[in-house]
Amino acid sequence: MAVPTIREGRYCHAHVDPLAALRGQGEPPWDVYLTGTVFLDIIFTGLDSAPVRGTESWARGMGSSPGGVANMATALSRLGLKTSLAAAFGDDHYGDYCWDALEQGEGIDLTPSRTVRGWHSPVTVSMAYEGERTMVSHGHEPPPEEPAPDCPPRARAAVASLVPGERAPWIAQAASRGTRVFADVGWDDTGAWDLSGLADLEHCEAFLPNAEEAMRYTRTTCPRAAAHALTAHVPVAVVTLGAEGAYAVDRRTGESAEVPAIEVEALDPTGAGDVFVAGFVTGTLADWPLADRLAFAGLTAALSVQEFGGSLSAPGWSEIGAWWRKVQSYDDQDPAALRRYAFLEDLIPATARPWPLRRAVPTIGFGRSA
């Protein structure tokens, strides 16, 4: 396992580079490339129930942050990966806020991105209550040309969201240059659930659907059987099992792994899937064993659902380290469970911070005082 380095930086108190031992001359400038739509997310928290028609509801808390593909980009960057994002940004205050939050706040490379004149930023309002969420979004069709979709920069990995019946030319181009593509997929509104419709899967290193998606695509009734069936189409299949954890199969090595979910008090599941993928990508690029990659992905996702929002809740190494120290302090902790996460010992920063940690919840544009 590669030994990471820790440095102090402006983006977080303790920045771990999990790929430090693997870096060398001639390596790609970026660890991960991704492209997609950035939303401005406005999150209302502290609601006792879902809004009721004809009434006014007051939320006890509110946050705002870049959302959409920004959830994944933020999660990757906070785990120490050099992340490059291609996206369109509106030339309004929302677009300026999202650009600044990602570039200056998270250290994400936006060189492939662009600001589009006259196009306003897509917006999502998320209402979180009882561990669930209700979302309302608004936005116009994105500009006809995505920023550099056919010319992705050199990167160790890329994350793609596959769309049934559509090809994204940049995926094949990235794969042809040696970029390892990790793919997820959304619900198939057509109802076809035809793997041949996911044409870009042939260029992917790993496919990470949830259990329902995996079973529908493979016509199986067991998510673990579905994972094995998917390896006929992609080298690594990872199926998330919700409250049961996750299961993964690597066709190349013949190994499989299953890790149970970590029990946490879930406040908001927004972005948890993105964080899971970011954790798995991080472990894969660092050459960790399959079971460690799966455990790390599940841990980062579990930490994220304890906070509100998408990119707001993505954990960094300080949160991971604080969690590890906290669970070791319990006298009745299951030794087998601790051994499952013992690989963290050589990764996390040594700084002592309380857990759970609360992230600052930003707003947009505080006035400047004299």
>> Being among the basic types (Lys, Arg) and either closer than 28 Å to ALA314 by Cα or in contact (Cβ under 8 Å) with a residue 24 or more places away in the chain (or both) is true for just one of ARG252, ARG216. Which residue is that?
In response: ARG216
> Checking ALA248 against (1) open to solvent by 10 Å² or more (accessible area, probe 1.4 Å); (2) in contact with a helix residue (DSSP H, G or I) (Cβ under 6 Å, 6 or more places away or on another chain); (3) of a type outside the set (S, T, N, Q), which test does it fail?
Replying inline: (1)
> Can you name the residue in region 17-45 that is free of Cβ contacts under 8 Å to residues at least 60 places away in the same chain and small (Gly, Ala, Ser) and, of all such residues, is nearest to CYS98 (Cα to Cα)?
Replying inline: ALA20
> What residue, of ASP332, ASP268, is within 30 Å of LEU40 (Cβ to Cβ), at pLDDT below 85 and not β-branched (Val, Ile, Thr)?
Replying inline: ASP268
> In region 174-192, which residues are crowded, with 17+ Cβ neighbours inside 10 Å and over 20 Å from ALA278 (Cβ atoms)?
Replying inline: ASP188
> If THR45 satisfies every condition in (1) open to solvent by less than 30 Å² (accessible area, probe 1.4 Å); (2) among the polar types (S, T, N, Q); (3) more than 28 Å from GLY279 (Cβ to Cβ) but one, which is the exception?
Replying inline: (3)
>> Give all pairs with beta carbons closer than 9 Å in which a residue from region 161-173 that is at positive phi meets a residue that is surrounded by fewer than 20 Cβ atoms within 10 Å (Cβ to Cβ) and assigned to a loop (DSSP other than H, G, I, E, B); count only pairs at least 6 apart in sequence or on separate chains.
In response: GLY165/THR190; GLY165/ALA192; GLY165/ASP194
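For every residue, the table says whether it meets (1) open to solvent by less than 70 Å² (accessible area, probe 1.4 Å); (2) over 28 Å from SER113 (Cβ atoms); (3) touching a helix residue (DSSP H, G or I) at 6+ places or on another chain (Cβ under 9 Å); (4) modelled with pLDDT of 95 or more.
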{"site": "ASP150", "(1), (2), (3), (4)": "no, no, yes, no"}
{"site": "GLU205", "(1), (2), (3), (4)": "yes, no, yes, yes"}
{"site": "ALA214", "(1), (2), (3), (4)": "yes, yes, yes, yes"}
{"site": "THR221", "(1), (2), (3), (4)": "no, yes, yes, yes"}
{"site": "VAL234", "(1), (2), (3), (4)": "yes, yes, yes, yes"}
>> If I go through region 16-35 residue by residue, how many of them are modelled with pLDDT of 90 or more and open to solvent by less than 20 Å² (accessible area, probe 1.4 Å)?
In response: 7
> Out of region 120-134, which residues are over 25 Å from ASP91 (Cβ atoms) and open to solvent by 60 Å² or more (accessible area, probe 1.4 Å)?
Replying inline: GLU130, GLU132, ARG133
>> Looking at region 310-349 only, could you name the residues that are more than 25 Å from PRO66 (Cα to Cα) and not in a helix (DSSP H, G or I)?
In response: SER329, TYR330, ASP331, ASP332, GLN333, ASP334, TYR341, LEU347, ILE348, PRO349
>> Consider region 320-341. How many of its residues are among the polar types (S, T, N, Q) and within 24 Å of the chain's Cα centre (by Cα)?
In response: 0
> Hey, among the residues in region 249-265 that are within 20 Å of the chain's Cα centre (by Cα) and part of a loop (DSSP other than H, G, I, E, B), which one's nearest to THR45 (Cα to Cα)?
Replying inline: GLU265
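Yes/no matrix, rows are residues, columns are (1) open to solvent by 40 Å² or more (accessible area, probe 1.4 Å); (2) out of contact with any Lys or Arg (no Cβ under 8 Å at 6 or more places or on another chain); (3) aromatic (Phe, Trp, Tyr):
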| site | (1), (2), (3) |
| --- | --- |
| LEU230 | no, yes, no |
| GLU255 | yes, yes, no |
| PRO260 | yes, yes, no |
| GLY273 | yes, yes, no |
| ASP292 | no, yes, no |
| ALA322 | no, no, no |
> What tally of residues in region 307-319 results from selecting those that are of a type outside the set (D, E, K, R) and more than 15 Å from the chain's Cα centre (by Cα)?
Replying inline: 1
> If you go through region 182-189 one residue at a time, do you hit one that is of a type in the set (D, E, K, R) and either without any contact (Cβ under 8 Å) to a residue 12 or more places away in the chain or outside any strand (DSSP E or B) (or both)?
Replying inline: yes
>> For region 48-79, give me each residue that is surrounded by 24 or more Cβ atoms within 10 Å (Cβ to Cβ) and under 23 Å from LEU285 (Cα atoms).
In response: ALA70, ASN71, MET72, ALA73, THR74, ALA75, LEU76, SER77, ARG78, LEU79
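The values are calculated or read from the model by the stated rules, or taken from the named source; none is laboratory data. From a predicted model like this one, the values you see are computed outputs, not experimental measurements. No Cβ is skipped: glycine too gets one built from the backbone with ideal geometry, and neighbour counts run over all protein chains shown. All accessible areas refer to the heavy atoms of the entire protein, side chains included, with ligands and DNA or RNA removed. Shrake-Rupley method; radii C 1.70, N 1.55, O 1.52, S 1.80 Å.
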